[in-house]
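To keep things clear, I will list the structure first and then write my remarks on it.
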Amino acid sequence: MSSRERVLARVRRALADVPREERPGDFPVERGYLRVHGDRSAEETIDLLAENLADYRALVHRTPAGELPALVGRLLAGHGSRSVLVPAGLPGQWLPDGGPERVEDREDATPDGLDAVHSVVTGCAVAIAETGTIVLDGGPDQGRRRITLVPDHHICVVRVPGQVVDSVPQALERLDPARPLTWISGPSATSDIELNRVEGVHGPRTLEVILVDDGPGRSDRSARPRARGRPR
């Protein structure tokens with residue numbers, strides 16, 4: 001008997017006493033876990049998101065909406081980018097006039113072609129404060145999943161407070177499981193058995209997150225990552 005046959009036999013034995021007409025939805029699973037860990041204001045939630053993003057070695061910037069194009073221009077220039085990949089639905093006002101060559105998100109783009117692009121700018125579907133996670137769902141301002149995996153520098157714009165939630169359960173309520181979801185917690189990184197960290201293996205080496213605040217009175221601040229003794 002093969003391993004596959006053994007597994008299927010065990011499944012059949014486990015289901016032997018289940019009536020054929022019974023369906024999984026007939027017995028709802030109790031979900032008594034906490035949906036949010038703590039009572040936070042909207043501002044405290046945004047601050048927690050910024051802290052956890054930086055903890056994962058993302059570079060975090062905060063800016064009013066009117067200053068977003070100038071900030072994006074500075075980040076692209078600081079990275080030395082000569083080309084930037086732009087999803088078809090990215091708001092035009094997010095990008096500065098002039099700047100690097102703009103590359104369209106094309107269906108026929110090759111991996112080598114995407115690898116030659118220096119940066120990509122996208123929006124997001126939702127951001128989770130408690131985990132420092134950005135979620136993409138392939139929306140018009142995010143483009144295909146591959147455009148955020150191949151280029152080495154990803155600038156992700158998060159609109160606050162509207163796109164920020166406290167917890168994973170709250171994020172799941174906003175997401176469509178049928179869409180191509182990409183969950184990002186910091187730049188791509190891995191480590192070997194000796195805990196030597198290597199970045200940029202299966203995604204961008206540099207992740208910059210811009211928290212765009214439409215409200216008045218907010219200054220442009222940047223949160224830099226702290227050195228850590230263990231890999232993420």
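Here, each number is a calculation from the coordinates, and none is a lab measurement. Everything numeric here is computed off the predicted structure, so don't read it as measured data. So basically every Cβ, Gly included, is an ideal-geometry build from the backbone, and we count neighbours across all protein chains shown.
Here are a few things to note about the model shown:
- Per-residue ellipticity at 222 nm, computed for the chain from helices alone with -39500 (n - 2.57) per DSSP H run of at least four residues, works out to -6000 deg cm²/dmol.
- Percent antiparallel among DSSP beta bridges (both partners in the chain, rounded to 5): 30 percent
- Crossing angle, helix 3-14 versus the chain [Cα axis fit, 0-90 degrees, rounded to tens]: 70 degrees
- Mean separation of Cα pairs under 8 Å and 6 or more residues apart, divided by the residue count, gives the chain a relative contact order of 27 percent.
- Trypsin sites (Lys or Arg not before Pro) within the stretch 63-136, DSSP loop, no more than 15 other Cβ atoms inside 10 Å: 82, 106
- Global geometry of the stretch 62-162, whether rounded, prolate or oblate, following the gyration tensor of its Cα atoms and the 1.5 cut on a/c: oblate
- In the stretch 1-83, the GluC sites (Glu not before Pro) that fall in loop regions by DSSP, at most 11 other Cβ within 10 Å: 21, 22, 30
- Here the simple spin-label model places points 7 Å from the Cα toward Cβ, and for residue 146 and residue 18 these points are separated by 3.8 nm.
- Global form of the chain, assessed from the alpha-carbon gyration tensor, a/c cut-off 1.5: prolate
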